[in-house]
1. Can you tell me the order of 207-220, 386-399, 237-250 when each peptide is scored by its average per-residue count of other Cβ atoms within 10 angstrom, highest first?
2. Region 82-226: Rg/Rh from Cα coordinates, Kirkwood Rh?
3. Given the Cα-Cα distance of VAL9 and GLU349 and 0.36 nm per residue of separation, how much length would full extension add, in nm?
4. So, by mean Cβ neighbours within 10 angstrom, what's the order for 404-410, 30-36, 343-349 with the highest one leading?
5. Give me the accessible area per residue for region 1-152, probe 1.4 Å, as a whole number in Å².
6. Of the peptides 5-11, 16-22, how do they stack up when ordered by the mean number of other Cβ atoms within 10 Å, highest first?
7. When only DSSP loop residues count, what trypsin sites (Lys or Arg not before Pro) in region 74-144 have their Cβ near at most 11 other Cβ atoms within 10 Å?
8. Measure up LYS16/LYS464; LYS50/LYS411; LYS4/LYS196; LYS258/LYS455; LYS182/LYS455 against 18 Å on the Cα-Cα distance and list the ones that go over.
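The values are calculated or read from the model by the stated rules, or taken from the named source; none is laboratory data. Not measured: the values here are computed from a predicted model. Don't worry about glycine lacking a Cβ; one is built from the backbone with ideal geometry, like all the others, and counts go over all protein chains shown. The accessibility values were calculated without ligands, DNA or RNA, using every heavy atom of the protein model including side chains. Shrake-Rupley method; radii C 1.70, N 1.55, O 1.52, S 1.80 Å.
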Amino acid sequence: MDFKGERCVNQIEKLKKEATIMLEKATTPLTQLELINAIPRLGMKYLFEKEIKRLLVNIYHNKPNPDGLGYNLHASALRFMLLRQYGFRVSQDVFTVYRDKNGFMEHLSEDVQGMLSLYEAAHFLFEGESILEQAIIFTKRHLVERTYNNIELQNQVNRSLEIPLHWGMERSEARWYINEYKDGQDVNHVFLELAKLVFNMYQAIHQEDLRDLSRWWRSLGVATKLKFARDRLVGSFLCSVGIFPEPRGQRCREWLTKVMNFVLIIDDIYDIHGSFPELELLADVVERWNTKDMEKLPYYMKICFLGYTPSVEECLSNNWLSSSGSVFLVHAFFATNQPITTDVLRALEDDHNLLYCSSMISRLSNDLATSSAELERGDVASSVHCYMREMGSSEEEARKYIRSLIMDTWKKMNESITDTTFDLTFTNVALNLARAAMFFYQYGDGIGIEDDIAKDHVLSLIVKPIL
């Protein structure tokens, strides 16, 4: 089938109408919550944005446990997670009914679906929300220790423990969940067929985008002229898909791919090829800095030129910028068609928490993935190395500390979703940048190095349709 053709588009529209009727006429509140939850997991949330927002407004204005939900951990967690996911402020206190003086009640561990839903929901926590922090510890302990008879549920638990849904890259999660969903006992065949068509349609659009960008890249000739630099057009493009996957993000993906490619080239000029005098000239041309007086150089130039090792605090306060995340997000903003107001421009200029946190997670994820190789070759700029140097710790202790910082940064970003002048489209772009970084750096340097894992990502997300 031509997944961009008229037949496919008409079939998607037909199935969408059927799915919308099912959403609105769900037999119970829990069924409705489960259908709403399935839509983003199956990679279809952009088809149902208006419908989901309307339903969640109604759910938000109902009591925390409206008729039909009652004392049901799975339902309570789903409601909480969906509302926070779409920017509604709901209190962690909805879970106090499941606690006693010792914390979460131990008998809850028998409700595996409820525990899994609570584990996922708790990752939408804000700073200082101790109930949700305890929920993560409580559910993780029981989910890890339990023996499972249901292979479908065990697969979902293993996937969540590897990386919670809130942190997962949308297209990768959709591909995985569609394959799990089709074998489930409660499969909705309308949703399943729609999800497969939507995934394949997105993939066909991405293939066309990549062909266009490949022609541009070859005609530019940079890769052939700069042999020392990484040629990562496909990896950069796949990252842009992670940030803005939907069809209307075509222009944004083009911009981001180009920017990322040149960021990698500039990075390689500094790290691999450039001599000290050449780097001085480059810095002067790009930023107009006065490089004659070394003490006046920005700290990151000291790193590039002399191997200067900053404190952890200094490293963290500056390295989030070196991730180039804010550069990507500003470019992406102007491709979202959000109305430009004074408040929005001020938020962009002041590095709103949404931009800062997303960029910081990107930086820290990169550091975790590349720190061992950097230490071997003598690079000293990563947060892992700075922590080891300052605290006198082992690499594993430093990596544990950086993982805790990633969790703390997610807390800040979760709260920024409910307190932002940006619209939902750009909010999702910022979240997706952090998710894409965690995805590509989960098993190593998935952007800078082409290995079997990177090739599998390309095949599953760009090349092979779901049949």
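1. Details: 207-220: 14.1, 386-399: 16.3, 237-250: 23.2.
Result, highest mean Cβ count within 10 Å first: 237-250, 386-399, 207-220.
2. On the way: Rg = 20.7 Å, Rh = 18.4 Å.
That ratio is 1.12, to two decimals.
3. On the way: separation 340, 0.36 × 340 = 122.40 nm, distance 4.00 nm.
Full extension from VAL9 to GLU349 adds 118.4 nm.
4. Values: 404-410: 17.0, 30-36: 19.4, 343-349: 14.4.
Highest to lowest by the protection proxy: 30-36, 404-410, 343-349.
5. Values: 7550 Å² over 152 residues.
About 50 Å² of surface per residue is accessible.
6. On the way: 5-11: 12.4, 16-22: 15.4.
Those peptides, ordered most packed to least, come out 16-22, 5-11.
7. Details: sites: ARG79, ARG84, ARG89, ARG99, LYS101, LYS140, ARG141; in loops: ARG89, LYS101.
Of the trypsin sites (Lys or Arg not before Pro), the ones in loops of region 74-144 whose Cβ has at most 11 other Cβ atoms within 10 Å are LYS101.
8. Details: LYS16/LYS464 24 Å; LYS50/LYS411 27 Å; LYS4/LYS196 13 Å; LYS258/LYS455 20 Å; LYS182/LYS455 25 Å.
Those over the limit are LYS16/LYS464; LYS50/LYS411; LYS258/LYS455; LYS182/LYS455.
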